[in-house]
């Protein structure tokens, strides 16, 4: 990949994460992004706990992270020009995340042809052999997502996302 | 009492932080996710974050299991499948669950979320949860 292309993907990823109020509120960070793959991180925070007895992060926060990382992989899988909408997201919760540990989510776009893209993702807390959750998602380029994308490109050109 | 466990669920940091509210009558429960700017996923549509909607559906599923039968602990998700039917607009979201089966260890739940019109759902969830029902002779 050319450095220019990598810069485009990095800019896109930071736009899609730092430009998303909910992703910012939960503290999502982008570790890396490629053509059809992405790695994101959810740093452990007390205010994300779902069960105060155990200190384990709520499944919903893991769901949001997986949704976001899958979306990022789908977006770049489509070449980074068209914004896809999530059709469905399926998650298997393999085990509770270790309290105090960051949750890392890695997604790969398996196939993106035409209007549909299939993504698979893993969430773990350090050891990839012991995943916390597995996810599978499908995305699609829709009229609504195309319209949003045009607004985004216009906003990017004008250098103002607000 | 299911009231205690409902309170534990709603008071959990993540759940209270998301701002989830329950309208709980007997064994029926409707969830509300009041709109807030920091629930927006894509500010250009603007649409709520799919993860926030998914998490809300999961919380309503959990709450509905608690009011369906007396449990010792919070239900734990085994697997969930979320279908996104429409973009969730910058507005309140509501959800109700149907407990398809609640057994001794596992429960099967379906949840539907809507905004302006109940007949136009924005997302649905289907999931399995591990549950720990109270034993009949255990102290309440």
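Data table
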item	result
Matching option when the condition is assigned to a helix (DSSP H, G or I), more than 30 Å from residue B:4 (Cα to Cα), within 14 Å of chain B (Cβ to nearest Cβ) and modelled with pLDDT under 95, among A:15, A:9, A:66	A:15
Qualifying residue in region A:118-127 (condition: surrounded by fewer than 18 Cβ atoms within 10 Å (Cβ to Cβ) and at pLDDT 95 or above)	yes
Test: residue in region B:89-104 that is buried (at least 18 other Cβ atoms within 10 Å of the Cβ), within 11 Å of chain A (Cβ to nearest Cβ) and within 14 Å of the chain's Cα centre (by Cα)	no
Hits in region B:81-90 - residues which are outside any strand (DSSP E or B) and under 16 Å from residue B:119 (Cα atoms)	B:85, B:86, B:87, B:88
Lone unmet requirement of (1) more than 14 Å from chain B (Cβ to nearest Cβ); (2) buried (at least 18 other Cβ atoms within 10 Å of the Cβ); (3) within 24 Å of residue A:14 (Cα to Cα); (4) free of Cβ contacts under 8 Å to residues at least 60 places away in the same chain for residue A:109	(4)
Odd one out for residue B:78 among (1) part of a strand (DSSP E or B); (2) within 7 Å of another protein chain (Cβ to nearest Cβ); (3) surrounded by 22 or more Cβ atoms within 10 Å (Cβ to Cβ)	(3)
Given (1) within 30 Å of residue A:154 (Cβ to Cβ); (2) facing another protein chain (nearest Cβ under 7 Å); (3) surrounded by fewer than 17 Cβ atoms within 10 Å (Cβ to Cβ), number of the condition residue A:52 does not satisfy	(1)
Top-ranked residue in region B:9-26 [being assigned to a helix (DSSP H, G or I), in contact with a strand residue (DSSP E or B) (Cβ under 9 Å, 6 or more places away or on another chain) and at the interface with chain A (Cβ under 8 Å from one of its Cβ atoms); ranked as farthest from residue B:92 (Cα to Cα)]	B:13
From B:6, B:45, B:66, B:59, residue being touching a residue at least 40 places away in the same chain (Cβ under 8 Å) and not in a helix (DSSP H, G or I)	B:45
Residue that is on the phi < 0 side of the Ramachandran plot and facing chain B (nearest Cβ under 8 Å), where the choices are A:37, A:47, A:31	A:47
Hey, residue A:25 in contact (Cβ under 8 Å) with a residue 12 or more places away in the chain, within 10 Å of chain B (Cβ to nearest Cβ) and over 17 Å from residue A:108 (Cβ atoms) or not	no
Some residue of region B:37-54 being in contact with a helix residue (DSSP H, G or I) (Cβ under 7 Å, 6 or more places away or on another chain), farther than 16 Å from residue B:12 by Cα, surrounded by fewer than 16 Cβ atoms within 10 Å (Cβ to Cβ) and at the interface with another protein chain (Cβ under 7 Å from one of its Cβ atoms)	yes
All positions within region A:91-101 that are buried (at least 18 other Cβ atoms within 10 Å of the Cβ) and closer than 15 Å to residue A:66 by Cβ	A:91, A:93, A:97
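Rundown of residues vs (1) in contact with a strand residue (DSSP E or B) (Cβ under 7 Å, 6 or more places away or on another chain); (2) at pLDDT below 95; (3) facing chain A (nearest Cβ under 9 Å), yes/no style:
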| site | (1), (2), (3) |
| --- | --- |
| B:32 | yes, no, no |
| B:35 | no, no, no |
| B:63 | yes, no, no |
| B:68 | yes, yes, no |
| B:73 | no, yes, yes |
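The values are calculated or read from the model by the stated rules, or taken from the named source; none is laboratory data. What you see is a predicted model, and the numbers here were worked out from it, not measured in a lab. Here the Cβ is made from the backbone with ideal geometry for all residues, glycine too, and neighbour counts use every protein chain on show.
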